[in-house]
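For reference, the structure discussed in these notes is given below.
The values are calculated or read from the model by the stated rules, or taken from the named source; none is laboratory data. These figures come from a predicted structure and were not determined experimentally. Every residue, glycine as well, gets a Cβ built from its backbone with ideal geometry; the counts of neighbours run over all protein chains shown.
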Amino acid sequence: MSKLITGTTALPVAEIEVPQDRLRTVSEAKVRGLMEAIGIFGFTTPIEVRRAKGRFVLIDGAHRLEAMKRLGEGEIAVRAFDMSAQDARGREIAANLVAGMTPLQDAVFLAAWQSYYEERHPETRQGSAGAIARHGLQAKNCSFAELVAANRSVTPRHIHKATAAVRRLSADELRILDCSPRPVPLDAIEKIGKIADAEERAIVVEKLASGEARNVAAARHALAVEKGVKAPPKDPLQEDLETLTKVWSRTGATVRRRFVAAHVDELRRLIADAEASDE
């Protein structure tokens, strides 16, 4: 349970501790946007913190806190609570699930929400239908999945599949993907999660996040080429030329003469073009 500390409405910015294990990476673009908005309208939405052994730890509002730090503000408006670290994590997850995030962040937070409920209600880890019904786990998970699915114009099934995929990725892989210049789509998250080999998965993540590969298939193909497993992709025009050459080499003289007779005008133009280009 949590209790609002009514006597604490503002705190020194420098004294608020930011946990290292936060689920969401701070976006530079969002911080800059908040700095501009705060400069125009002032600081309007308090951040949330919890009291822990004489210090205050951030629950929700990392972007707002970073913006105020960069603006050189000494204090920041807060809503302070007495609550456990576990419930603080649950509150962070819930607040971000309702907000707008990338598909990867949606999946990460939904996976974290499920873990949070399993920690609070260990009996649900075994998939007990009765326990899930009693604690409302199924309804709560579905409501968040449906919310995210509606915002993304996809089905809840896609959301659940992506959530399962992020559980198979390491913290470093999730961080790298989260910092990608382009948001990683849901289908890519699912495909990455299916790569069993940890080394291959890490390289695919790097290639995708850096923009070196446009999708998971291209990243895996590039890796295979680097390892000498697959030949590099051929030029489509070169492939057509090789096909035509093979057919020509297999035909007899009679067929070749008939072909030339049928296409003599076009062949003459092509020969003239080729000779002209050599001059």
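Residue-wise test of (1) farther than 20 Å from Leu223 by Cβ; (2) of a type in the set (A, V, I, L, M, F, W, C); (3) modelled with pLDDT under 85.
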| position | (1), (2), (3) |
| --- | --- |
| Cys142 | yes, yes, yes |
| Ala145 | yes, yes, yes |
| Ala171 | yes, yes, no |
| Gly193 | no, no, no |
Give the range 1-46 a look and list any residue that's of a type in the set (Lys, Arg) and under 32 Å from the mean Cα position of the chain (by Cα), or say none.
Arg22, Arg24, Lys30, Arg32
Does Leu23 fit the bill of being in contact with a helix residue (DSSP H, G or I) (Cβ under 7 Å, 6 or more places away or on another chain) and assigned by TED's automatic domain parsing to the domain that holds Asp178?
no
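Yes/no matrix, rows are residues, columns are (1) touching a residue at least 40 places away in the same chain (Cβ under 8 Å); (2) part of a loop (DSSP other than H, G, I, E, B):
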| position | (1), (2) |
| --- | --- |
| Leu23 | yes, yes |
| Val31 | no, no |
| Phe56 | yes, no |
| Leu65 | yes, no |
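In the list Ser249, Ser170, Ser210, which residue meets the criterion of being on the phi < 0 side of the Ramachandran plot and surrounded by fewer than 11 Cβ atoms within 10 Å (Cβ to Cβ)? Don't jump to the end; show me each part of the working.
Details: Ser170 fails: surrounded by fewer than 11 Cβ atoms within 10 Å (Cβ to Cβ); Ser210 fails: surrounded by fewer than 11 Cβ atoms within 10 Å (Cβ to Cβ).
Going through Ser249, Ser170, Ser210 in turn, just one is on the phi < 0 side of the Ramachandran plot and surrounded by fewer than 11 Cβ atoms within 10 Å (Cβ to Cβ): Ser249.
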Quick check: is even one residue across the range 71-87 within 32 Å of the chain's Cα centre (by Cα), among the hydrophobic types (A, V, I, L, M, F, W, C), surrounded by 19 or more Cβ atoms within 10 Å (Cβ to Cβ) and in a loop (DSSP other than H, G, I, E, B)?
yes
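So if I check each of Ala261, Ala209, which one is assigned to a helix (DSSP H, G or I) and at pLDDT 90 or above?
Ala261
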Among the residues that make up the range 92-102, is at least one of them outside the structural domain of Lys161 (by TED's automatic domain parsing) and farther than 24 Å from Pro183 by Cβ?
no
For the range 170-210, what are the residues that are of a type in the set (A, V, I, L, M, F, W, C) and under 23 Å from Glu28 (Cβ atoms)?
Ala171, Leu174, Ile176, Leu177, Cys179, Val184, Ala188, Ile189, Val205, Leu208, Ala209
Take the conditions loosely packed, with under 13 Cβ neighbours inside 10 Å, assigned by TED's automatic domain parsing to the domain that holds Pro12 and at positive phi and apply them to Gly42. Does it pass?
yes
